[in-house]
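The values are calculated or read from the model by the stated rules, or taken from the named source; none is laboratory data. Since this is a predicted model, take the numbers as computed values, not measurements. No Cβ is skipped: glycine too gets one built from the backbone with ideal geometry, and neighbour counts run over all protein chains shown.
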Amino acid sequence: MDYYEILNLGKNASQEDIEKAYYLGKTTYNRDSLAHYGLLSQRERWYMLRKIEEAYQNLNNPEKRRLYDLKMLQKGAETGNRVYFRKSTLKLEIEDAGEKKSLWKRIKYILFSPKPKK
Amino acid sequence: MSAKEKIPELSVHHSPQKTIWAVGGGKGGTGKSFIAANLAIHLASQEKDVVLIDADLGGPNLHTFLGMNDARLDLGHFFTNKVSRLEDTMAFTPFDGLRLIRGTDQIPFMANLNYYKKLKFIRHVKAFYAKRVIIDIGTGASLNYLDFFILSNPGILVVNPEPTSIENAYYFLKSCIVRILKSYIEHYNLKDLIRRIADQMDGQSKSIYSFFNTIISLNKSYAQVLYKALNKFTPCLIMNKAKSERDYLLGESMADVVQKYLAIKIRYLGAIPYDENIQISLQKLSPYLSTFPDSKATLSLKEIAERLVESNP
């Protein structure tokens, strides 16, 4: 997730939007919040709080934000904007997947490949 | 694969003249029936063509929320083939433009509806004409309720600002997600993966997002299929019985957590304030919306209805 995704912001977010999103993020993952009850471990909650803080520190500072946006633009040009998460989902076709055997092989490889020994 | 395990239909294209909303959630007493009944009353006053279905198979009581004591026919007549069409069980209500398909309390074990009866029910819901259909589904995460919720557009999850309610709501959403993923995986005969998904969710990491990241790191296109399958599932959230500003914000916070950790987008429709008059209206068998038309809860319900209509005109 990039900083904008962490704070649920659009790329054109104003300073006020950033402040609001930061407040909501801190409230959401606060220890006393009910929003993560039964779903997140302590570790995951801390991780998210750290990421929110990091995102805020970078987006709240205009110069840091400019540099970050520039970096993201360059990265986008190199990697093609991570289209696998960004494609329209209006038309879902199960046939989008590869052939049955091929899919099974790939997922089997992902889940059952031997782990490297320490 | 047994028939029981299959989702009736993976992709539903409702007829264009109709939207089907299902009001559900894991925990009992959150206000599902209250919200379903009052949304229907409000929409009927605006659109004149609303059908409310009491699909709480284990404990129907929508008729009580509408102030209706008796009905000639109910869902039991349909499921026992006493009537051939679901729409034959529709009853007019005291509200212009609103019809009710009443749940049955005459047939034991109705909650254990078998797969074929469920299919028949869904087929008939999609077949009759009405501008809006609102289905009140029961408590819990049984396969029948999950399927009604998944197949509606959108499913509306009702929660209260209490840990038990929130815990059950997440369990309900996770069950929906597993149900969707499982159906896709079964389509490809990847049964071992089902167990892995369950382990992933019940183990240390409960993030569906991290599950996807694992697959993406090795093959984007296969992850894309499953991710897209989930992306079609876009439920809405209502925070009922809100007592403070913090409770209002909690809905937004839950939507954020769901998006980040369950990899689905849930739309927060807003909060309905706690109001003791709801109990009073129930005791009087008098629908809340018409008894307290200017209350804060009524105004919130109307705003929520408008948001729903805007996104499903």
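Structure notes:
- Taking the range B:40-153 as the region of interest, the strands (runs of 3 or more DSSP E) fully inside it that hold 2 or more residues being within 18 Å of the chain's Cα centre (by Cα) are B:50-55, B:98-101, B:132-137.
- Applying the criterion of at least 1 residues that are within 23 Å of the chain's Cα centre (by Cα), of a type in the set (S, T, N, Q) and modelled with pLDDT of 70 or more to the helices (runs of 4 or more DSSP H) found wholly in the range B:157-225 leaves B:163-187.
- Any hit, the range A:8-21, residues being aliphatic (A, V, I, L, M) and closer than 25 Å to B:N168 by Cα: no
- All positions within the range B:245-299 that are within 19 Å of the chain's Cα centre (by Cα) and among the hydroxyl-bearing types (S, T, Y): B:Y268
- For the range B:68-111, a residue qualifies if it is without any contact (Cβ under 8 Å) to a residue 12 or more places away in the chain and more than 27 Å from B:T291 (Cβ to Cβ), and the qualifying residues are B:N81, B:K82, B:V83, B:S84, B:P108, B:F109.
- Exclusive hit being closer than 27 Å to B:V225 by Cβ, at pLDDT 60 or above and among the small types (G, A, S), set A:G76, A:G80: A:G76
- Residue pairs meeting the criteria (Cβ under 6 Å; at least 6 apart or on separate chains; first free of Cβ contacts under 8 Å to residues at least 40 places away in the same chain and facing chain B (nearest Cβ under 7 Å), in the range A:22-49; second in a helix (DSSP H, G or I) and surrounded by fewer than 17 Cβ atoms within 10 Å (Cβ to Cβ)): A:L34/B:P163; A:Y37/B:P163
- A:E53 at pLDDT below 85, more than 9 Å from chain B (Cβ to nearest Cβ), outside any loop (DSSP other than H, G, I, E, B) and more than 15 Å from B:K260 (Cβ to Cβ): no
- Of all residues in the range A:39-50, those satisfying the criterion of being in a helix (DSSP H, G or I) and over 15 Å from the mean Cα position of the chain (by Cα) are A:Q42, A:R43, A:W46.
- Within the range B:14-39, tally of residues that are surrounded by fewer than 22 Cβ atoms within 10 Å (Cβ to Cβ), touching a Phe, Trp or Tyr at 6+ places or on another chain (Cβ under 8 Å) and assigned to a strand (DSSP E or B): 0
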